[in-house]
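The values are calculated or read from the model by the stated rules, or taken from the named source; none is laboratory data. What you see is a predicted model, and the numbers here were worked out from it, not measured in a lab. Don't worry about glycine lacking a Cβ; one is built from the backbone with ideal geometry, like all the others, and counts go over all protein chains shown. Accessible surface areas use protein heavy atoms only, side chains included; no ligands, DNA or RNA. Shrake-Rupley method; radii C 1.70, N 1.55, O 1.52, S 1.80 Å.
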Amino acid sequence: MNIGALPGGLARLEFDNRFTCELPADPETDNTRRQIREACYSRVLPTTVAAPTLVGYAREVAEALGLSEKDCTSEAFAAIFTGNRLLPGMDPHATCYGGHQFGTWAGQLGDGRAIILGEVVNAAGERHVLQLKGAGLTPYSRSADGLAVLRSSVREFLCSEAMHHLGVPTTRALSLTLTGEQVMRDVLYDGNAALEPGAVVCRVAPSFTRFGHFQMLAARQEHALLKTFLDYTIDTDFPHLSREVPEKDRYLAWFVEVSRRTVEMVVHWMRVGFVHGVMNTDNMSVLGLTIDYGPYGWLEDYDPNWTPNTTDAAGRRYRFSHQPAVAQWNLVQLANAILPLIDEAAPLEQILSDFQEQYVSLWQTMMAAKLGLQRFEPDTDADLFTELDVVLQLTETDMTLFYRRLASIDVDGSGADALEALLDAYYQPEELQGEVRDQIEAWLTSYLGRARADARERDEQRNAMNAVNPKYVLRNYLAQLVIDKAEQGDYSMVYEVLELLRRPYDEQPEHEQFAVKRPDWARSRVGCSQLSCSS
Ligand code: AMP
Ligand code: MG
């Protein structure tokens with residue numbers, strides 16, 4: 001398996017696998033599906049594939065690992081990051097976690113198609129865990145195949161990088177490779193299965209620890225290991241939390257921080273119009289990173305009830321507007337998991353109830369920033385935001401375009417002038433009449449008054465708005481265009497869109513075609529507005 005020259009950067013990767021060094025392993029080493037006990041992970045090798053081929057890599061992630069273009073385009077790179085070749089120092093394993101799926105405890109889940117290769121510590125001392133998604137069966141694969149397809153891997157690769165450049169905490173993606181094998185998938189679970197190209201994404205994060213890791217140990221009542229795991233997590237991922245305090249206080253300080261990071265992450269999602277789609281507790285990172293890009297989507301027309309996930313169509317548990325409440329619910333599950341280490345429920349309950357206040361406060365600050373206001377003024381802005389939410393739903397309004405265009409209106413003009421400047425954001429401009437028009441203009445008139453009162457040069461206000469209201473997001477149809485081409489063997493758009501989304505807040509006149517409303521063909525196309533967990 002280890003043949004061929006190893007380019008310098010790859011040869012120099014230094015592994016320091018703390019997770020497997022410090023935490024107990026499942027003693028069994030064969031790759032059969034099983035429930036494990038008193039262990040955090042199982043060692044497992046990626047499955048060898050037919051023909052590893054690089055589709056794309058993210059150069060900033062590569063740089064953070066000390067890898068050059070030459071390293072990333074080498075044959076060895078494609079082999080390593082599809083799982084065909086191991087480097088000295090790697091210690092491949094899949095971790096064990098459980099989780100609540102759609103509100104119901106699902107028991108052991110685990111890395112069913114993710115294999116951690118190892119932890120790289122770079123020249124700056126930063127820890128980067130390398131994880132292959134789609135590299136074959138693990139003891140946690142349950143009834144599934146351990147694989148991933150090009151369609152969902154393009155979506156994960158591009159979206160995690162897009163989110164990073166938008167300033168949203170996220171896991172990163174080093175590479176997207178093809179395995180040269182075909183994988184059977186039934187995209188809409190309707191009996192129409194078809195073969196799709198197999199692919200692997202190498203994800204990178206300081207750790208992939210999820211709420212569900214703690215839940216699993218608590219559910220098994222393995223309290224000693226739960227404590228070991230929490231101590232380990234704090235020491236590696238939260239080393240700034242003081243050891244000089246009583247243990248329980250340290251655990252509570254940790255929970256405060258996890259909660260705060262979760263609030264911040266969700267506020268970012270609300271800012272950019274991101275709908276995760278599967279906020280199960282196994283898909284929640286304790287570092288507050290957006291993780292597990294599956295049936296996610298971006299709000300095009302502003303509809304707080306929208307979810308891209310057809311698997312969730314009935315209850316819409318994970319709809320855009322419900323994300324903060326779900327995040328809090330998920331934190332309740334994490335609190336329950338660590339309760340045996342704290343004994344008292346009251347301090348955890350206090351932190352959970354602070355969540356609401358913290359969320360509202362950060363959300364208000366975020367909304368004020370989107371509107372170019374220096375701060376949230378309760379007397380005027382509470383109503384302004386509530387009315388905006390109504391106004392955005394009177395007729396289909398493109399969320400991204402609306403906020404971006406808002407920066408260009410003349411604050412000394414009238415509400416009617418402002419609406420003219422926003423026309424591009426409306427899917428049915430012919431509906432801008434009568435009551436609808438009156439209500440939008442009335443809101444714009446109040447907004448203009450408020451913007452003028454904000455006592456900031458309009459230029460400064462505009463720049464501030466353009467720094468939080470992206471011009472370019474990974475619109476659902478845009479990802480689909482990349483996928484359609486990639487499935488034909490043309491990967492050029494992967495880099496084109498990656499490049500575009502590296503500067504989401506900049507005007508890029510050469511890419512104006514990617515900053516327009518969703519075209520009509522994409523309104524109800526599978527992959528654009530309807531996605532499932534099949535990936
Ligand atoms: P998700 O909610 O999509 O993140 O996945 C839920 C669980 O199913 C996790 O334990 C995954 O590892 C597992 N899973 C999803 N897809 C596959 C697959 N194709 N093969 C094996 N396990 C999978
Ligand atoms: Mg998951």
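What the table below lists for this structure:
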item: Selection status of Thr310, within 15 Å of ligand 1 (Cβ to nearest atom), open to solvent by 20 Å² or more (accessible area, probe 1.4 Å) and hydroxyl-bearing (Ser, Thr, Tyr); result: yes
item: Any hit, region 74-96, residues being farther than 21 Å from Arg172 by Cα, of a type in the set (A, V, I, L, M), in the same structural domain as Cys159 (by TED's automatic domain parsing) and assigned to a strand (DSSP E or B); result: no
item: Residues of region 446-457 classified as part of a helix (DSSP H, G or I) and surrounded by 15 or more Cβ atoms within 10 Å (Cβ to Cβ), total; result: 5
item: The lone exception for Tyr495 - which of (1) touching a strand residue (DSSP E or B) at 6+ places or on another chain (Cβ under 9 Å); (2) surrounded by fewer than 17 Cβ atoms within 10 Å (Cβ to Cβ); (3) assigned to a loop (DSSP other than H, G, I, E, B) it fails; result: (3)
item: Unique residue being over 30 Å from Leu423 (Cβ atoms) and more than 14 Å from ligand 1 (Cβ to nearest atom) when the list is Val272, Val278, Val263; result: Val263
item: Failed item, numbered, when Ala486 is tested on (1) in contact with a strand residue (DSSP E or B) (Cβ under 9 Å, 6 or more places away or on another chain); (2) open to solvent by less than 10 Å² (accessible area, probe 1.4 Å); (3) under 22 Å from His276 (Cα atoms); result: (3)
item: Any hit, region 462-475, residues being out of contact with any His (no Cβ under 9 Å at 6 or more places or on another chain), outside any loop (DSSP other than H, G, I, E, B), more than 16 Å from ligand 1 (Cβ to nearest atom) and open to solvent by less than 10 Å² (accessible area, probe 1.4 Å); result: yes
item: Whichever residue in region 77-86 is within 15 Å of Leu13 (Cα to Cα) and surrounded by 21 or more Cβ atoms within 10 Å (Cβ to Cβ) and, among such residues, is nearest to the chain's Cα centre (by Cα); result: Phe81
item: Those strands (runs of 3 or more DSSP E) lying entirely in region 125-221 with at least 2 residues open to solvent by 10 Å² or more (accessible area, probe 1.4 Å) and aliphatic (A, V, I, L, M); result: 172-185, 194-205
item: Yes/no for Thr290 being within 13 Å of ligand 2 (Cβ to nearest atom) and either open to solvent by 10 Å² or more (accessible area, probe 1.4 Å) or at pLDDT 95 or above (or both); result: yes
item: Hits in region 255-306 - residues which are free of Cβ contacts under 8 Å to residues at least 60 places away in the same chain, closer than 19 Å to Ala162 by Cα and outside any loop (DSSP other than H, G, I, E, B); result: Val275
item: Residue in region 175-192 that is at pLDDT 95 or above, within 16 Å of ligand 2 (Cβ to nearest atom), of a type outside the set (D, E, K, R) and in the same structural domain as Glu22 (by TED's automatic domain parsing) present; result: no
item: Region 281-307: number of residues that are within 12 Å of ligand 1 (Cβ to nearest atom) and closer than 18 Å to Val154 by Cα; result: 6
item: Sole residue being under 22 Å from Ala94 (Cβ atoms) and touching a Phe, Trp or Tyr at 6+ places or on another chain (Cβ under 6 Å), chosen from Leu137, Leu147, Leu176, Leu132; result: Leu176
